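K.L.:
Once you've had a glance at the structure underneath, I'll fire off some questions.
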Amino acid sequence: MTNSAGTAMCAFITPFLKYLRDGLVEENLSPARFQVLQALSGGEEVSMVRLAEMLSVTKRNITTLVDALEKEALVSRKAHPTDRRSKLVSLTKNGEETFSQVARVQQAHLEKLTAHLDAKQQHVLAESLSRLTSVMTEEDSPNKTRCPTSQTE
């Protein structure tokens, strides 16, 4: 029996998240913390509220994540210059270096997984995932959805 694409994606999510976690174990970084570093890797300061929105997590959850990353000197927080209720978060130099290192490790880990596909399958997968990502992230799209992933520590 052939599974639908939706069924296959749902079956893929949990083992894929475990695979991602396994790839980060040696780096002592949870996938959620990695996602925060990735979101900040553009070099810009981002408000806590915007960061929570970017990662589809609650304000409380992003505070917990940023607290832990700040304790490890991977991010820093400062007051927003025009909104005294808001804090801006950015990567520290150590955070930039850690993200670069962990991103390389994560990329190699993902390449090990995709090595189980031939070149044509890898191309189709990349194109399909890019298209679905566009559909989910287009601001004005009526199809905009969130991927049901866990964003906890």
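Laboratory data are not the source of any read-out in this text; all were calculated from the coordinates shown. Quick caveat, the model's predicted, so the values are computed rather than measured. Backbone-built Cβ (ideal geometry, glycine too); neighbour counts: all protein chains shown.
K.L.:
Show me the helices (runs of 4 or more DSSP H) found entirely inside the range 1-72 where at least 3 residues are among the polar types (S, T, N, Q).
P.N.:
59-71
So that you can scan it fast, the table gives a plain yes or no per residue for (1) under 16 Å from the mean Cα position of the chain (by Cα); (2) under 24 Å from THR133 (Cβ atoms):
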{"position": "MET9", "(1), (2)": "no, yes"}
{"position": "ILE13", "(1), (2)": "yes, yes"}
{"position": "LEU24", "(1), (2)": "yes, yes"}
{"position": "GLU45", "(1), (2)": "no, no"}
{"position": "PRO81", "(1), (2)": "no, no"}
{"position": "PHE99", "(1), (2)": "yes, yes"}
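K.L.:
Could you please find all residues in the range 84-107 being of a type in the set (D, E, K, R) and without any contact (Cβ under 8 Å) to a residue 12 or more places away in the chain? First the steps, then the outcome.
P.N.:
If we filter the range 84-107 for residues that are of a type in the set (D, E, K, R), which is where we start, we get 84-85, 87, 93, 96-97, 104.
Listed by number, the residues that qualify are ARG84, ARG85, LYS93, GLU97, ARG104.
K.L.:
A follow-up question, please. Does the range 77-107 hold any residues that are part of a helix (DSSP H, G or I), out of contact with any helix residue (DSSP H, G or I) (no Cβ under 8 Å at 6 or more places or on another chain) and surrounded by 15 or more Cβ atoms within 10 Å (Cβ to Cβ), and which are they?
P.N.:
GLU96
K.L.:
Looking at LEU24, LEU110, LEU74, LEU17, can you tell me which residue is touching a residue at least 12 places away in the same chain (Cβ under 8 Å), under 25 Å from MET136 (Cβ atoms) and crowded, with 16+ Cβ neighbours inside 10 Å?
P.N.:
After ruling out the rest, the residue left standing is LEU24.
K.L.:
Right, something else. May I ask you to verify whether LEU37 is of a type outside the set (S, T, N, Q), within 22 Å of THR92 (Cα to Cα) and in contact with a Phe, Trp or Tyr (Cβ under 8 Å, 6 or more places away or on another chain)?
P.N.:
Judged against the criteria, LEU37 is a match.
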